[in-house]
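The values are calculated or read from the model by the stated rules, or taken from the named source; none is laboratory data. Not measured: the values here are computed from a predicted model. Quick reminder, even Gly has a Cβ in these numbers, built from the backbone with ideal geometry, and neighbours come from all protein chains shown. Protein only, heavy atoms only, side chains kept; ligands, DNA and RNA dropped before computing areas. Shrake-Rupley method; radii C 1.70, N 1.55, O 1.52, S 1.80 Å.
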Amino acid sequence: MNFINRSVQAVVLSAVFIKELVLSSVAVARQVLGDSAALRPAILAVPVGLRSRAGITTLANCVSLTPGTTSLHVSEDLSTLYVHVLDAPDPDAVVTSLKNTFETRIKEIEG
């Protein structure tokens, strides 16, 4: 993949991150101002299919910078990212969302 294609993919990732940042900020504000007893926090194991340490670091940073989620740990073999989620009524859906929003675009940048 050439420099221009990677640059375009990086801009796409940035736009997706900003969108997720806004949506997550609104969701967390609603949760904080609403009934916090209804929250279902969880620590989730997210399988990672990225090839580089830089890609995994980018994924972990995107997750941590998005309100309501925090990256906790990457497994020694770099195959799993452990994430704390403020509200995970459907843990599988949260994992799928993280993979579809961030990991997919980071893979495109990796080439």
Test for L65: is it open to solvent by 70 Å² or more (accessible area, probe 1.4 Å), over 14 Å from T101 (Cβ atoms) and at pLDDT 95 or above = no
Hey, can you tell me all the residues within region 95-106 that are surrounded by fewer than 17 Cβ atoms within 10 Å (Cβ to Cβ) and either touching a Gly at 6+ places or on another chain (Cβ under 7 Å) or more than 30 Å from A37 (Cβ to Cβ) (or both)?
-> T104
Expected output for region 68-80 (first residue over 26 Å from L39 (Cβ atoms), partner open to solvent by 40 Å² or more (accessible area, probe 1.4 Å) and in a strand (DSSP E or B), Cβ below 7 Å, 6+ apart or cross-chain) is S79/P47
Subset tally (residues that are at pLDDT 95 or above, open to solvent by 90 Å² or more (accessible area, probe 1.4 Å) and of a type in the set (A, V, I, L, M, F, W, C)) for region 28-53 | 1
Please state which of the following conditions L21 fails to meet, knowing it meets all the rest: (1) aliphatic (A, V, I, L, M); (2) open to solvent by 60 Å² or more (accessible area, probe 1.4 Å); (3) under 14 Å from the mean Cα position of the chain (by Cα).
-> (2)
Could you give every pair whose Cβ atoms fall below 8 Å, whose first residue belongs to region 1-21 and is among the basic types (K, R), and whose second residue is assigned to a helix (DSSP H, G or I) and surrounded by 12 or more Cβ atoms within 10 Å (Cβ to Cβ), counting only separations of at least 6 or pairs across chains?
-> R6/I109
Can you find a residue in region 82-94 that is modelled with pLDDT under 95, assigned to a helix (DSSP H, G or I) and open to solvent by 50 Å² or more (accessible area, probe 1.4 Å)?
-> no
Go through region 12-27 and count every residue that is modelled with pLDDT of 95 or more and over 14 Å from T58 (Cβ atoms).
-> 9
